[in-house]
1. Can you tell me which residue is most open to solvent (accessible area, probe 1.4 Å) among those in the stretch C:258-291 that are touching a residue at least 12 places away in the same chain (Cβ under 8 Å) and part of a loop (DSSP other than H, G, I, E, B)?
2. Please verify whether B:VAL133 is in contact with a strand residue (DSSP E or B) (Cβ under 8 Å, 6 or more places away or on another chain), at pLDDT 95 or above and in a loop (DSSP other than H, G, I, E, B), treating the condition exactly as stated.
3. Select from the stretch A:231-246 the residues that are of a type outside the set (S, T, N, Q) and assigned to a loop (DSSP other than H, G, I, E, B) and list them in ascending order.
4. Within the stretch C:25-43, is there a residue that is away from chain D (no Cβ under 14 Å) and of a type in the set (Val, Ile, Thr)?
5. Can A:VAL136 be described as within 15 Å of the chain's Cα centre (by Cα) and either within 14 Å of chain B (Cβ to nearest Cβ) or in contact (Cβ under 8 Å) with a residue 60 or more places away in the chain (or both)?
6. Restricted to the stretch C:317-331, and to residues that are more than 17 Å from C:ALA296 (Cα to Cα) and modelled with pLDDT under 95, which residue is farthest from the chain's Cα centre (by Cα)?
7. Just to verify a result, which residue in the stretch D:228-253, among those that are of a type in the set (S, T, N, Q) and open to solvent by less than 30 Å² (accessible area, probe 1.4 Å), is farthest from D:SER131 (Cα to Cα)?
8. Restricted to the stretch C:368-389, and to residues that are open to solvent by 40 Å² or more (accessible area, probe 1.4 Å) and assigned to a loop (DSSP other than H, G, I, E, B), which residue is modelled with the lowest pLDDT?
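The values are calculated or read from the model by the stated rules, or taken from the named source; none is laboratory data. All values derive from a computational prediction rather than experimental measurement. All Cβ positions, glycine included, derive from the backbone under ideal geometry; neighbour counts span all protein chains shown. Side chains are part of the model used for accessible areas, which takes the heavy atoms of the whole protein and leaves out ligands, DNA and RNA. Shrake-Rupley method; radii C 1.70, N 1.55, O 1.52, S 1.80 Å.
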There are 4 protein chains.
Amino acid sequence: MRAPAFTLTAGPVAASPRVLAALGSQIEYDYDPIFLERFRATQRKVAQIFRTEGDVVLMQGEAVLGLEAAALGIVTPATTCLNLVSGVYSKWFGERLRRLGATVVEHEVPFNSAVDPADVEALLVAHPQVSVVAVVHCETPSGTLNPIREIGPLARAHGAMVICDVVSSLGGSDVRVDEWGLDFCVSGPQKCLASTPGLSLVAVSDRAWEAMHANPAAPRRSYLSLLDWQTAWEQEGRFPYTPSVTDVLGLEAACDEVLEEGLEAVIARHENAARAARAGLRAGGVEPWAASEEVAASCVTSITVPDGIDEAELRMLVRNRYGVVISGAQGELVGKVVRIGHMGIASTSLYPLVGVSAVVQALGDLGAAVDVGAASATTLAALAERASA
Amino acid sequence: MRAPAFTLTAGPVAASPRVLAALGSQIEYDYDPIFLERFRATQRKVAQIFRTEGDVVLMQGEAVLGLEAAALGIVTPATTCLNLVSGVYSKWFGERLRRLGATVVEHEVPFNSAVDPADVEALLVAHPQVSVVAVVHCETPSGTLNPIREIGPLARAHGAMVICDVVSSLGGSDVRVDEWGLDFCVSGPQKCLASTPGLSLVAVSDRAWEAMHANPAAPRRSYLSLLDWQTAWEQEGRFPYTPSVTDVLGLEAACDEVLEEGLEAVIARHENAARAARAGLRAGGVEPWAASEEVAASCVTSITVPDGIDEAELRMLVRNRYGVVISGAQGELVGKVVRIGHMGIASTSLYPLVGVSAVVQALGDLGAAVDVGAASATTLAALAERASA
Amino acid sequence: MRAPAFTLTAGPVAASPRVLAALGSQIEYDYDPIFLERFRATQRKVAQIFRTEGDVVLMQGEAVLGLEAAALGIVTPATTCLNLVSGVYSKWFGERLRRLGATVVEHEVPFNSAVDPADVEALLVAHPQVSVVAVVHCETPSGTLNPIREIGPLARAHGAMVICDVVSSLGGSDVRVDEWGLDFCVSGPQKCLASTPGLSLVAVSDRAWEAMHANPAAPRRSYLSLLDWQTAWEQEGRFPYTPSVTDVLGLEAACDEVLEEGLEAVIARHENAARAARAGLRAGGVEPWAASEEVAASCVTSITVPDGIDEAELRMLVRNRYGVVISGAQGELVGKVVRIGHMGIASTSLYPLVGVSAVVQALGDLGAAVDVGAASATTLAALAERASA
Amino acid sequence: MRAPAFTLTAGPVAASPRVLAALGSQIEYDYDPIFLERFRATQRKVAQIFRTEGDVVLMQGEAVLGLEAAALGIVTPATTCLNLVSGVYSKWFGERLRRLGATVVEHEVPFNSAVDPADVEALLVAHPQVSVVAVVHCETPSGTLNPIREIGPLARAHGAMVICDVVSSLGGSDVRVDEWGLDFCVSGPQKCLASTPGLSLVAVSDRAWEAMHANPAAPRRSYLSLLDWQTAWEQEGRFPYTPSVTDVLGLEAACDEVLEEGLEAVIARHENAARAARAGLRAGGVEPWAASEEVAASCVTSITVPDGIDEAELRMLVRNRYGVVISGAQGELVGKVVRIGHMGIASTSLYPLVGVSAVVQALGDLGAAVDVGAASATTLAALAERASA
């Protein structure tokens, strides 16, 4: 089987030449002074992207490691959590919270929409015992964004900690950890930063550290321990276990690229790519899954699979006939959507045209009523407008 | 600060050009058919190196993840464990077992020696309630090997499960999972396989799977869950979370190199490199830490730091004056030993000469009574003998 | 200035990951047995692509080196050459022949057309003294192909040697050195083979070797000497000068990719990409430069720049607004055409769509009357037809 | 056959990771603005290493291309040349001059020694018609250096042009084009700069340009033409033919490394490595070929093969038993010497120890009376002295 020419997925995504060069560079000894300094510098660069002056822990496993570590750090059977559910990932996180024995107040909205901050406020008032609010910024399966800019301050005003999943949004949408009062903010390098999946990037507020220290059940001497990183690395300068050297090298290169281009420019690039893709899809007769432009994500566009089309057949056609890999769905959305990613390189140049054209053409190949020309021309026009701005 | 010319450490170690090329190759989408097949193939290749027909789980985090997952999978407060301690790592593992609430029978030998199988047999007889035996094959800080070839069958005969840490020995010493009855055997790619540290390679016996299924406290829906990998990946063909694509590509390339050269040849290469290094050191007036040739490891040589020499100063001199990075010690051995690694590339050609010469010369620079010429000539002669065999 | 996302040029072109990995692999000593064997193997692989059983010389400089060496090898002031001119490159080659003092019979056709074999036959009859026929297979500036399949045998029947420039066509169009009787056939790796420009690939017939041996003025002990390569390398196994190791590694990888995919499949891929691009351009209201489908090249499409459009402005817009680098013109065609390459990767997947869309959209941006939707839809439909065939 | 672990040759040599990353980076279109600027920047960086304010031409072929181009540019049958012969390369250059029809006054000294400037002065006085002096700075086969610092000014005082071969010395020994009045100074990237062999680096003085313009036979519209580069590239901003993009990227990275470390530090590093190697060889009972420390080169050490030892057998033993590739001899020195290179990486850290130890050990294996311990210890002591200075 031939490798695809284009990887336009919801992550992992294609890395830039500079990131690939970093990943392919010689593996350094973790205690060599050069790597020690590089690890510290990478933490600082990630913090800049998180827009935080606080600590950033680089846990050495995929982003769910950081999310699990955050939950274990502060959630016990005595905790009441408000879990905001607008998609598959937040639903799963609720299960995790319940497995920890917590009382979970769950607020669910349709999976193509976003949580309304007014509802959050009302819920916090109605449930004064809530001490943890869990929210997913970008529901990657749905391609939708929640207004964490408003939810964060509401939770803090209420005295609750916020565990925020920004795995796919960091670098593609505005994320302001300090300004918005997000206590645990967890991301990964394999989305808009466009490096490897092997790390959890965890911004931890001072309040969050205090809460973990106050929790005797918070993991220690464990792969799931954030406190170990504070004790061993931040205080004693040794790693709690061997870090994933190569992943760190790749992450640093990815951060350098983002910071050199400028974080705001990078975010605007992702937003424009997604906007052009949605416009092109609609012009071609294909509907984005997100209920409105307002809730649509910038890192990925979920597309409603038309009736009568098999989504797996659609994806294989897009891949094998046109050389473009896109993502399928997850959880309850399986069969309902396919997804074009706009992460990293995929948000540059004419990549959105490639994704939109391939999907619309393949839908036409499978018998759907589409207009390929309109899809392509509209996508291009939207990209042209951006580029000439 | 200038990068060192030679990385002769106890891991992470320098990777081969082929492994680096794999690490620097484009990041693949984890659900692309090509990556799915590659992941499966990599599991099979690791199984070959473990010499097992059973399952191999590739957990997506450094080797301690696999060790913690194994312990959590079968150890509860009702468990009695026999922990065989011959060094820093096994001592730490005992703490982990105790934190899980287990009753731990600990048998400790001096950290420059190995466990005697006769003692293991006596202990198993004396403690019939022991259901888990924990043993570290190579105590990397000490540069010593335990006789797991004999300990494994003893434990099985007794009806106990074996959790075996072969992190640094796999690929450098003989490891036979099935033949020796090792139920959990945990390794990592960053040692003798010479790839990245970001993965746990876990061989799991059928008995081990059964024991975890029988344990209601075994982790599920957790980063620490082996059962998740069985359910999601082995049974449903989906990853429990996004795998570390790049680390998997590197691991596959590393396995290919080992299997193409031949596992026995690779092991012999490591053994010969270590033997030459020890001979050279002794000839130069420097003592390996291991009490005898019999217990000395093939992946790393720990060297006793002579009285009056500061080990950190020694390592910095070796690095900054001669361009060679070696490893310091860990735990109780800090200050007592430095270590030259023989893992991967470092076991080929004249790398042992480079390591031995640099350390002996630097010891001389610091005032120790050494014979650099004898050290070099003896190392070379030993390497020559091997190469011409 | 930001690097372009897409390089869709007439060469040098983007290389595949495999070729790039070869180029980035460690430089080998040219007399190491491994490199010696690799060099020989690469010669044989290039010969397969040339479809010749005869010798292939890998001269260590860009393709014009091989063309100059061929001319110097057999052309003297006593020679009468028939130079077939259908574009810029053949015109330049005529100048080269005249500088050597040769009598040059020049047959020129319009630069958007091809030479008619019937005219060649008539000219050979009219000029019986012609002993060398020079022809360019693909006039890269024009994007046109000459019928060397017929011209070669005509020349041979007449007793004349053929110097054939297949620099940009090899790998993208059918080239059959032995079957068509091409005495010197010169190509380069930087076109359809998609590696570096630093080598001349020269197929030399037995007749050609004899003619050079018979020519006392043929270069010897010179960078321009083909005979040196025969004497030193073929007969004595030593290089006449240090070969460009890295370029050879890249070329071998490029040949491996072509031969593994299958030469005929690779050629069909280039032909289909170019056909789709031409169809799309025409549908969008833009004209290919080539006068007809029959003479149009498969490796590159030259596009007539509409009146009132500045070609340099057009290319800079395509690059800076859309991230796509295309080629400008050369010689007499400067200002009249721009060019989209279909070489190597650019002939796969949706790359032709990217090129066509970018150029048509940019022409529209500059005020030309174009139909972007029709251009995109037609290109896609043509690519779909191919892919589903 | 297994690839060697160490390439310690007289060129091509192993490149650094940074140079390899540049070589493996995507091939850029030669007329993309980014490459055009990069090409110009590379010229300027090479000029810094040549210590010239004058022009540097990057010819796109191995260094002999530049040497041939220089000779063709100013030497005609009317020219009288003084050719200073101290080794194989200068002897070959004399043949080249004679083939051009020049009158050649040849001054030959033993191939393990250097030319005496006093003799040059006497010859110039005795042959007032000499208008070109040809000299090789480092005779790579011999591992010897000529005093071009004095020969250059002598020639200029006499009114003669100097063609100087600094192929292997540039970056490893002091070369000052402007200060020493060297009119044509030719080098290559594959020696002390440690990149690919595919380029000629040619420093051309104003006097040299004038002389070529004044010579109607100087090549034009030829691969051998320096004037083409001046006309096309320097004056019109276009390449006379497609440049070797990848080689240029590698060269720029190599120059960056040299200039960032500091040219004087780089030269000192090469000198020290060679001095340590010679000391070690002598201590081990093996003789450098160079007659004295004063004439010994810093980029390569030629070693006299002891009586009764077959040099090819020696090299194959060094390679196959110890994993170290060294160079054989050329021309008249074949069978008499083998060579350890100290170029680039090979001049850092303990590489000289590796080379010396491997050769001395292998000589011992073949029955020569050597002292491996003394060789190693002395090399190390010399390196230690340098590093601690």
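1. Here the answer is C:GLU287.
2. Taking the combined requirement at face value, the residue does not satisfy it.
3. Correct list: A:GLY237, A:ARG238, A:PHE239, A:PRO240, A:TYR241, A:PRO243.
4. Let us first name the residues in the stretch C:25-43 that are away from chain D (no Cβ under 14 Å), namely C:42-43.
Now narrow it down to the ones that are of a type in the set (Val, Ile, Thr): C:42.
Scanning the stretch C:25-43 turns up at least one residue that is away from chain D (no Cβ under 14 Å) and of a type in the set (Val, Ile, Thr).
5. No: the conditions fail for A:VAL136.
6. This residue is C:GLY331.
7. So the residue we want is D:THR246.
8. Ranking the qualifying residues of the stretch C:368-389, first place goes to C:ALA389.
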